[in-house]
Amino acid sequence: MDQELLARARAWVAGDPDRDSAAQLQAMVDAGAEEALRDHVAGDLAFGTAGLRGAVGPGPDRMNRAVVIRATRGLADHLLATVDGARERGVAVGFDARPDSERFAHDVMSVLLAAGFTVHAHLTPTATPLVAFAARRLSTAAAVVVTASHNPPADNGYKVYDQHGVQITPPDDRLIAEAIAAVGPAVDVPGVGDGIEGVHELGEEAMAAYVAAITADEVVAAPRGDHPSVPLVVTPMHGVGGGPVERILQARGHHVVRVDGQWEPDGRFPTVDFPNPEEPGALDLAEATATDVGAAVILANDPDADRLAVAVPTAQGWRRLSGDEVGCVFAHHLLSRTGGDLERPLVASSIVSSARLGRIAAAFDARHEVTLTGFKWLWRAGRELADQGWHWVMGYEEALGYSLGDAVRDKDGINAAATMADLVVELAAEGRVLVDLLADLDERYGRWANVQASVRRTGATGADEILAAVDAATRVDGDALGMRTIERVVDHRAPTPDAPAWRPTTPLVVWHLSGGGRVLVRPSGTEPKLKVYVDLPLDDGEEAGLGDVLAGRTVELLGIGD
């Protein structure tokens, strides 16, 4: 047995206030399970893109109460050192419906209360956008949401927003990580026990304020006048979005049809293998329900309701729209509606999302800004450009995330569902459907193939394999793809002169192709995956399947295919 590893495990057991978790790790020590100990103890769960996220289990490299307690103490120390009036402004807290989320959230509240912070909290499972909204509305010093979003059922996470209601960006993430590292054993961190006395509950009043804010937003105002009653199928995917989405849609006069088997929050996700609406099979129940009622659209949120998937009926069955299609639909719809009412309109997209948004923006004399992947970067651009007089209309990333209007400075699957429902009934009033609008966009802005492929690599060597594939992307021959020539390779791991704050260095390699297309290669920020994106304008006669061919060929060239 590695003695350093053994000492680290014993120290964690001694410092873990959760005796069940400590006992699990002690059992590994007693059994001499060196490989398991190395997996749980050799490293620390990294505080990064979305705060913390990983499998629940014992040890510093898993999500557990000790990790949450130390993270919260580190966050508290960081806020006290960097945010004026942090204690009085307080922290907004929320949690999703995963099995450990409420317990972890109570630990967050306990540590913050003991540190003298005001705590504003949802005391029942709630949607992530509602917590982000509360942080901005109440001008808190920060917000914490205990959620693993669309990750597998075994995972949980810890998501942090800054004092502007935006996900943390550098240098805050690094400074918080350093503050966490300086915290001693979790058992020594002061708390106030299991009670949550003194917490300011975010209940009905908070929900009403959110509804009022998105209803009043000049960019995403509800449809004017009467509209037809069109069946809209809604699923929260066993998550927390069902109630808020249904409430807003019904208040706007929409005909909501629930997917009953997925309606109640259940962190075990019993009807899906993977609670991500992008995954194959995830919408099977919704499609069956929608077929039965003749629905015009399926609106599916991920478990914490910050993302939205959309599916529409066609003669060949249900068609799931890509995030790029939905993002471009929203941009065209909202820019068309606002017309000349907004001065200096701004739309934004992540660098791996479709460049077609730039064509849409140009048609409406709007600015199109490109950021790194993640809404922390999209809204960093939105917030800083607002200071220069630009008016945020919408931003999106191809992974089903949309921020419409500026009530919530993060992706918001609830507001997106309401806006899509409004659009569907507006089209129905004209005798049209979403497929007709998509055809209009193709005619006006050109046909595009947007494809994402991913390769999962877990275990001790997984991260190294993924980074090696990114490195390999810089050495591919220009003619290797066959169908398109790689004319230029841009390695975003190297500094780019004059890059804005929202496009710093990142592990991303981009192939710029003949004909204006791109292939992008990057590691996922939240899962052990290599991601490949194809963003390709199509010439006359070219089929959209060309994007899939290029994605598959790219994976082969990088030497990481299954």
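The values are calculated or read from the model by the stated rules, or taken from the named source; none is laboratory data. Computed from a predicted structure; not experimentally measured. Counting neighbours? That spans all protein chains shown, and the Cβs are built from the backbone with ideal geometry, glycine included.
Quick one: is I351 modelled with pLDDT of 95 or more, β-branched (V, I, T) and under 23 Å from Y210 (Cβ atoms)? For I351, the condition - modelled with pLDDT of 95 or more, β-branched (V, I, T) and under 23 Å from Y210 (Cβ atoms) - is not met.
Within segment 279-286, is even one residue surrounded by fewer than 16 Cβ atoms within 10 Å (Cβ to Cβ) and either of a type in the set (D, E) or closer than 28 Å to A213 by Cβ (or both)? Yes. Cβ separations smaller than 9 Å between residues 6+ apart or across chains give the following pairs from segment 58-75 residues that are within 25 Å of A27 (Cβ to Cβ) to residues that are basic (K, R) and surrounded by 24 or more Cβ atoms within 10 Å (Cβ to Cβ): P60/R70. Cβ separations smaller than 8 Å between residues 6+ apart or across chains give the following pairs from segment 169-190 residues that are more than 19 Å from G59 (Cβ to Cβ) to residues that are in a loop (DSSP other than H, G, I, E, B) and of a type in the set (D, E, K, R): T169/D162; D172/D162. Residue-level analysis places L25 among those that are over 14 Å from K159 (Cβ atoms) and not in a strand (DSSP E or B).
Name the single residue, out of those in segment 1-13 being aliphatic (A, V, I, L, M) and closer than 18 Å to A71 by Cα, that is surrounded by the fewest Cβ atoms within 10 Å (Cβ to Cβ). Out of the qualifying residues, it is A11.
Just checking, does segment 8-25 include any residue being touching a helix residue (DSSP H, G or I) at 6+ places or on another chain (Cβ under 9 Å) and closer than 30 Å to H164 by Cα? Looking for residues that are touching a helix residue (DSSP H, G or I) at 6+ places or on another chain (Cβ under 9 Å) and closer than 30 Å to H164 by Cα, one finds none in segment 8-25, hence no. Counted as qualifying within segment 239-322 are the strands (runs of 3 or more DSSP E) with 1 or more residues that are within 23 Å of S403 (Cβ to Cβ) and touching a Phe, Trp or Tyr at 6+ places or on another chain (Cβ under 6 Å), namely 308-314. Look at (1) touching a Gly at 6+ places or on another chain (Cβ under 9 Å); (2) of a type in the set (G, A, S); (3) modelled with pLDDT of 95 or more; (4) crowded, with 20+ Cβ neighbours inside 10 Å and you find that S139 fails only one, number (4). The helices (runs of 4 or more DSSP H) found entirely in segment 411-526 that carry 1 or more residues being modelled with pLDDT under 95 are 413-429, 462-472. Does V555 satisfy the condition of being assigned to a strand (DSSP E or B), within 21 Å of T373 (Cα to Cα) and at pLDDT 90 or above? When the stated conditions are applied, V555 does not pass them.
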